[in-house]
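Trainee: The structure that follows is given in the form of structure tokens.
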Amino acid sequence: MIDIKTATKKASDYLISFYPNAKEAQIEEIEVESKKNEWLITLSFILYDDNPFSVATPPRKYKIFVIDTSTGEIKAMKIREFK
């Protein structure tokens with residue numbers, strides 16, 4: 001079983017591979033689904049645009065990463081929805 005630090009690093013690396021402009025990434029939630037052998041890791045980040053005249057900070061985006069606990073394989077990256 002991969003540990004949580006390894007799983008979190010994999011999620012962060014995966015995030016940057018799809019969103020190279022992601023800044024200020026932070027861990028929001030960590031959960032283990034023991035029945036499915038998966039880590040569920042929620043990361044938040046900000047995507048700044050390249051507009052030099054933009055004054056407002058863009059809203060944080062949230063992604064959930066589903067990672068196999070035994071292999072470390074990323075099984076999914078999903079939008080974190082708030083209800």
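Trainee: Filter the stretch 37-68 for residues that are assigned to a loop (DSSP other than H, G, I, E, B) and in contact with a Lys or Arg (Cβ under 9 Å, 6 or more places away or on another chain) and give the result. Steps first, please.
Mentor: Narrowing the stretch 37-68 to residues assigned to a loop (DSSP other than H, G, I, E, B): 37, 48-60.
Answer for the stretch 37-68, where residues must be assigned to a loop (DSSP other than H, G, I, E, B) and in contact with a Lys or Arg (Cβ under 9 Å, 6 or more places away or on another chain): just 48.
Trainee: Could I ask something else about it? Could we say that residue 33 is under 13 Å from the mean Cα position of the chain (by Cα) and acidic (Asp, Glu) here?
Mentor: Numbers: under 13 Å from the mean Cα position of the chain (by Cα): no; acidic (Asp, Glu): yes.
No: the conditions fail for residue 33.
Trainee: So, one more: Yes or no: the stretch 10-18 includes at least one residue that is loosely packed, with under 11 Cβ neighbours inside 10 Å and either in contact with an Asp or Glu (Cβ under 7 Å, 6 or more places away or on another chain) or assigned to a loop (DSSP other than H, G, I, E, B) (or both).
Mentor: no
Trainee: Follow-up. Just the residues that are in a loop (DSSP other than H, G, I, E, B), touching a residue at least 24 places away in the same chain (Cβ under 8 Å) and exposed (fewer than 13 other Cβ atoms within 10 Å of the Cβ), please, taken from the stretch 19-36.
Mentor: Taking the stretch 19-36 first, the residues in a loop (DSSP other than H, G, I, E, B) are 19-21, 34-36.
Cutting the leftovers down to touching a residue at least 24 places away in the same chain (Cβ under 8 Å) gives us 19, 21.
The one that is in a loop (DSSP other than H, G, I, E, B), touching a residue at least 24 places away in the same chain (Cβ under 8 Å) and exposed (fewer than 13 other Cβ atoms within 10 Å of the Cβ): 21.
Trainee: Contact list please: Cβ distance under 9 Å, first residue in the stretch 43-70 and more than 25 Å from residue 9 (Cα to Cα), second residue at pLDDT 80 or above and among the hydrophobic types (A, V, I, L, M, F, W, C), pairs at least six apart or on different chains.
Mentor: Close Cβ pairs satisfying both conditions: 57/46.
The values are calculated or read from the model by the stated rules, or taken from the named source; none is laboratory data. It should be emphasised that the depicted structure is a prediction, and the values quoted were computed from it without experimental measurement. Virtual Cβ from ideal backbone geometry, glycine too; neighbours counted across all protein chains shown.
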